[in-house]
Amino acid sequence: MKQTNLYEAIFKRKSVRKYDLNPLDENTLAEISAYTNVLKPIDSKIKTEMMIVSQEQIKNLLPIKSPHYIVVSSENKEGYLTNVGFMLQQMDLFLSINGIGSCWVGMAKPIKAVKEGLTLEFVIAMAFGKAEEPLHRNSTQEFKRKTLSEISSGSGMEEQLEAVRLAPSATNGQPWYFVVNKDTIDAFCIKPNFIRALMYERMNKIDMGIAFCHFWLASKQLGKDIEFIHHSTAQDNPPKGYDYTATIKVK
């Protein structure tokens with residue numbers, strides 16, 4: 001497992017839902033575990049932990065069974081859900097580019113014995129293993145996604161936004177909207193109604209982190225760095241139906 005150009009995986013990855021339930025070999029699992037320690041966070045001050053568990057150590061309400069899961073826990077601080085989304089999407093792409101299937105499983109939880117052993121709050125899990133279905137898409141035409149004009153306004157940063165457009169999200173909701181400025185881009189998350197908020201508000205914040213991960217990787221591919229900042233004007237003037245999340249400064 002040597003491929004680490006995560007950007008390339010953006011354009012062909014897919015959520016794998018059918019797995020060979022035979023465990024991966026110990027060396028592969030060790031490499032995956034080691035990679036969890038080098039993931040880049042949005043906020044390094046938020047403590048996070050990731051551990052690999054077996055199928056028997058997870059309860060999943062959805063009919064997705066895999067031999068392994070990455071269980072993510074975190075300090076409950078401002079921005080922690082978005083931070084987890086940013087980090088775990090790097091893992092999703094790393095697995096994909098190295099020939100291993102993976103899938104975000106928002107309805108899965110570790111069994112009581114595992115959960116009691118966590119020192120931080122459980123956030124989400126990711127299924128992974130050898131795929132028993134096509135691992136990659138043949139082209140970006142196979143993605144069912146909104147258009148760039150539906151997720152953004154303004155001109156510029158099209159390459160980064162195209163990477164964001166292809167990002168996975170809970171129930172493919174794509175809750176993000178971006179307003180492009182000269183050298184910054186304001187990010188907003190859809191404001192769910194009361195009923196949907198009960199189910200999706202938490203996941204939407206994770207989804208924003210996934211989108212930010214794709215934006216960061218695309219910027220990095222273009223030789224640019226990014227910084228997350230707060231913009232009070234953007235916060236006070238969100239598009240109708242959206243809440244402000246952050247502003248990204250492209251350098």
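The values are calculated or read from the model by the stated rules, or taken from the named source; none is laboratory data. On a predicted model such as this, the values are computed, not experimentally measured, just so you know. With ideal geometry, Cβ positions are generated from the backbone for all residues, glycine too; neighbour counts draw on all protein chains shown. Keep in mind that these areas ignore ligands, DNA and RNA; they rest on the heavy atoms of the full protein, side chains included. Shrake-Rupley method; radii C 1.70, N 1.55, O 1.52, S 1.80 Å.
Numerical summary
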| quantity | calculated |
| --- | --- |
| Residue list for the range 29-59, filter: in contact (Cβ under 8 Å) with a residue 60 or more places away in the chain and over 19 Å from the mean Cα position of the chain (by Cα) | Val53, Ile58 |
| Strands (runs of 3 or more DSSP E) contained entirely in the range 24-136, each with at least 1 residues that are small (Gly, Ala, Ser) | 48-54, 68-74, 101-105, 108-110, 121-129 |
| Residue match in the range 234-243 (condition: surrounded by 19 or more Cβ atoms within 10 Å (Cβ to Cβ) and at negative phi) | yes |
| Residue match in the range 207-226 (condition: among the β-branched types (Val, Ile, Thr) and buried (at least 21 other Cβ atoms within 10 Å of the Cβ)) | yes |
| Filtered residues of the range 1-20 (kept if in contact with a helix residue (DSSP H, G or I) (Cβ under 8 Å, 6 or more places away or on another chain), open to solvent by 80 Å² or more (accessible area, probe 1.4 Å) and of a type outside the set (Val, Ile, Thr)) | Gln3, Glu8 |
| Extreme residue, farthest from Val84 (Cα to Cα), among residues of the range 207-240 that are of a type in the set (Phe, Trp, Tyr) and touching a helix residue (DSSP H, G or I) at 6+ places or on another chain (Cβ under 6 Å) | Phe215 |
| Breaking point among (1) polar (S, T, N, Q); (2) under 20 Å from the mean Cα position of the chain (by Cα); (3) modelled with pLDDT of 95 or more; (4) open to solvent by 40 Å² or more (accessible area, probe 1.4 Å), for Ser149 | (2) |
